[in-house]
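Everything below concerns the one structure shown next.
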Amino acid sequence: MFLRQSAVGREPLAVTMSGVRLGERALQIGLNDPLIASVLAAKPGLSGHSAIVVQDEASGERAKSAVAKSGAFVEITVSSLEHLPFEEGSFDVAVIHNREGLLTTLGAAGSARILSESRRILRSGGRIIVLENGTASGFRALFRSGAAGAGQDAGDATIRGLEAAGFRAVRTLGDRDNYRFIEGTKVDLPK
């Protein structure tokens, strides 16, 4: 008993790994886990700005319900993810929820447009974080279907997509608890 760590006050790993901080302008693109989305939405607090953009009304309702429980002030928009309705440089960080294959379901061209739009709405030096399925381990790995290397292939594809969209310092931050965290930075090169 005395060796167990308390889970009280701990936030989900996906929230911690995103690095969203108080005072930032954060945009979430897509919605997989409403709990993760609501906790991420609360991170910027009153001194920042939080927005979620989803592509259909059902996802919008799920986001509204989750955010209402957290008490966060969040702008929820239903829009095409390939044409984000925000000004250039509006956000410090963008989080793409890709656990349900958002970037792959739209095909290569759709994925490229989402990543390009994500880069457009970020300020210079802004970060993008892609949350996606990671490598299953332990008990989960016994029941996960598909090829063993399929998860890594998806991560490599995400990294290539971010680099093609113009993000720099693209890297996998971690692969843990069935999540993979991939980060890139928008760097504006001198003209």
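The values are calculated or read from the model by the stated rules, or taken from the named source; none is laboratory data. Model, not experiment: these values are computed from the prediction. Please note: Cβ atoms are built from the backbone with ideal geometry, for glycine as well, and neighbour counts cover all protein chains shown.
Of the residues making up region 170-191, those that are in contact with a helix residue (DSSP H, G or I) (Cβ under 9 Å, 6 or more places away or on another chain) and of a type in the set (D, E, K, R) are Arg171, Asp175, Arg176, Asp177, Arg180, Glu183, Lys186.
Being touching a Phe, Trp or Tyr at 6+ places or on another chain (Cβ under 6 Å), modelled with pLDDT of 90 or more and of a type in the set (Gly, Ala, Ser) holds for only one residue in Ala42, Ala14, Ala63, and it is Ala14.
Of all residues in region 65-81, those satisfying the criterion of being loosely packed, with under 15 Cβ neighbours inside 10 Å, in a helix (DSSP H, G or I) and touching a residue at least 12 places away in the same chain (Cβ under 8 Å) are Ser65, Lys69.
Considering only region 92-102, I want to know if a residue exists there that is assigned to a strand (DSSP E or B), in contact with a strand residue (DSSP E or B) (Cβ under 8 Å, 6 or more places away or on another chain) and either aromatic (Phe, Trp, Tyr) or surrounded by fewer than 18 Cβ atoms within 10 Å (Cβ to Cβ) (or both).
Within region 92-102, the first condition is being assigned to a strand (DSSP E or B), and the residues that meet it are 92-97.
Keeping just the survivors that are in contact with a strand residue (DSSP E or B) (Cβ under 8 Å, 6 or more places away or on another chain) gives 92-97.
Restricting the remaining residues to those that are either aromatic (Phe, Trp, Tyr) or surrounded by fewer than 18 Cβ atoms within 10 Å (Cβ to Cβ) (or both) gives none.
Within region 92-102, not a single residue is assigned to a strand (DSSP E or B), in contact with a strand residue (DSSP E or B) (Cβ under 8 Å, 6 or more places away or on another chain) and either aromatic (Phe, Trp, Tyr) or surrounded by fewer than 18 Cβ atoms within 10 Å (Cβ to Cβ) (or both).
Does region 22-30 contain at least one residue that is within 20 Å of Ile128 (Cβ to Cβ), over 10 Å from the mean Cα position of the chain (by Cα), at pLDDT below 90 and surrounded by 13 or more Cβ atoms within 10 Å (Cβ to Cβ)? Within region 22-30, not a single residue is within 20 Å of Ile128 (Cβ to Cβ), over 10 Å from the mean Cα position of the chain (by Cα), at pLDDT below 90 and surrounded by 13 or more Cβ atoms within 10 Å (Cβ to Cβ).
Consider region 137-191 and keep the residues that are modelled with pLDDT under 65 and surrounded by 12 or more Cβ atoms within 10 Å (Cβ to Cβ). The one that is nearest to Ala94 (Cα to Cα) is Ala154. Given the structure, is Leu84 in contact (Cβ under 8 Å) with a residue 40 or more places away in the chain, touching a Phe, Trp or Tyr at 6+ places or on another chain (Cβ under 6 Å) and either assigned to a loop (DSSP other than H, G, I, E, B) or buried (at least 20 other Cβ atoms within 10 Å of the Cβ) (or both)? Answer is no for this residue.
Tally the residues that are surrounded by 22 or more Cβ atoms within 10 Å (Cβ to Cβ) and either touching a residue at least 60 places away in the same chain (Cβ under 8 Å) or assigned to a strand (DSSP E or B) (or both), restricting the search to region 103-126. So the answer is 5. For region 11-21, taking the residues that are in contact (Cβ under 8 Å) with a residue 60 or more places away in the chain and not in a loop (DSSP other than H, G, I, E, B), the one that is surrounded by the fewest Cβ atoms within 10 Å (Cβ to Cβ) is identified as Leu13.
Does region 42-62 hold any residues that are in contact (Cβ under 8 Å) with a residue 24 or more places away in the chain and closer than 18 Å to Ser18 by Cα, and which are they? Reasoning before the result, please.
The initial filter retains those residues of region 42-62 that are in contact (Cβ under 8 Å) with a residue 24 or more places away in the chain, namely 42-44, 46-55, 59, 62.
Ala42, Lys43, Pro44, Gly48, His49, Ser50, Ala51, Ile52, Val53 - these are the residues of region 42-62 that are in contact (Cβ under 8 Å) with a residue 24 or more places away in the chain and closer than 18 Å to Ser18 by Cα.
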